[in-house]
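One structure is given below, encoded as structure tokens.
The values are calculated or read from the model by the stated rules, or taken from the named source; none is laboratory data. Here the structure is a predicted model, which means the values were calculated and not measured. Using ideal geometry, Cβ is built from the backbone for each residue, glycine included, and neighbour counts are taken over all protein chains shown. The protein model used for the area step is the full one, side chains on, heavy atoms only, and it has no ligands, DNA or RNA in it. Shrake-Rupley method; radii C 1.70, N 1.55, O 1.52, S 1.80 Å.
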Amino acid sequence: LTHLSSLFGMGHETSGSLCNLCRYLDWGPDSIAASCSCWRFACWIGLAKLEKASARTDGSKGKERIKAQQNKGKLSTPAKPLKPWYLILAYDGTDFAGWQRQAEGVRTLQGEVEKALSLVFRVEVRTVGASRTDSGVHARGQVCHFEAPEISDRSDAKVDHVDHVDFVDHETLLRRLRLTLPAAIFAVKLGAAPVNFHSRLSSVKKNYSYRLSTMHVMPFQARQCWTCGELDLEAMHAAINVLHNKHMDYIAFTTGENEPDYHGPVTKSVQLSMKIDGDIICLSASSDRFLYKMVRRIVGALVEVGKGRLSPNDIATASRQQIPTAPPVGLSLDEVVYPSDVQRLLASCK
């Protein structure tokens, strides 16, 4: 990197500008090198593009040195021991076909996260998410786990002939991951996970929120809020009191067939609450496991009550036909909760 800095004339660039290397490799302002205060990481992740620079660089020495750097940065599948990791994510799900990986050409959150992790860890990575959020649904606290080796910035050949290897620390890996992910996905935390940790099966509760508005909202709020018009908030409060902590059959609050292994039984209890901030209404729902589209259908039922089309006292016994599914735009997975002993292990793993 020191040679690359002198070769392409990089200095201390101002934030938001492109250094000479970025310009030379035709990286645009939307690329991972858009902020040149992080050019070292941009060079690290962009080594594959150095081949283009090599063809235009005069002198055999420059070509050889660039080729050596390129080979050093290639993805590989070394026979290194895999260790468990966990990752906490926040994302705007508007432009994605949900969390779960799908067929080639379908842009999903899991697919984008796995591509970025594979670049950072230099091996193919597969993740398991705590929740399969639907298309258009957001998250502030999605959790996934995966297996990957510790990595070193030294070449494999050098690593094989030393007694001690300084592996890349987790904070550096997190910074590299943030640079690699699309702008709509943010890596909140990355760390080593305890053995047998499972992002979904180890959890004891998931907290969701849904944002509604009685009036039109500003453009930067519109992607995460459902504008549904005037509502009778007192009636909605009464309906929430009927459902809150009530152990009941929620089959009317889902669509399709239930998957007991994933969603749990249809009989469950949910903690519900509502906060009002001006024209914005925030509904919160917490439970150990939710049925398919269950939170959105609870919101849909509450809006029906707010519109006067359903009585608060009838919400618990409403049929599937009486309950509409709220759009995904307002829904967010806010937190995945784990037992205190698992939380301590997550905090202590290095």
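For this structure, a couple of remarks:
- Along each principal axis, taking the top coordinate minus the bottom one, the Cα set of the stretch 100-139 gives 29, 23, 13 Å in descending order.
- Mean accessible surface per residue for the stretch 160-270, computed with a 1.4 Å probe while every protein chain stays in place, in Å²: 55 Å²
- If the chain linking MET218 and GLU124 were pulled fully straight, counting 0.36 nm for each residue of separation and taking away their Cα-Cα distance, it would gain 29.8 nm.
- Charge-dipole axis of the stretch 170-249 as Lys and Arg at +1 and Asp and Glu at -1 on Cβ define it, positive-most pick from MET236, PHE197, ILE185: PHE197
- Note on the stretch 200-346: with neighbouring protein chains present and a 1.4 Å probe, carbon and sulfur make up 51 percent of its accessible heavy-atom surface.
- Size-normalised alpha-carbon gyration radius of the stretch 225-278, reference 2.2 N^0.38 Å: 1.42
- Accessible heavy-atom area order of GLU114, GLU257, highest first, probe of 1.4 Å: GLU257, GLU114
- A viscosity of 1.306 mPa s and a temperature of 10 °C, combined with the Kirkwood radius over Cα pairs in Stokes-Einstein, give a translational diffusion coefficient for the stretch 98-245 of 85 µm²/s.
- Pairs beyond 22 Å (Cα-Cα), from LYS268/LYS307; LYS268/LYS293; LYS205/LYS293; LYS115/LYS293; LYS115/LYS189; LYS206/LYS268: LYS268/LYS307; LYS115/LYS293
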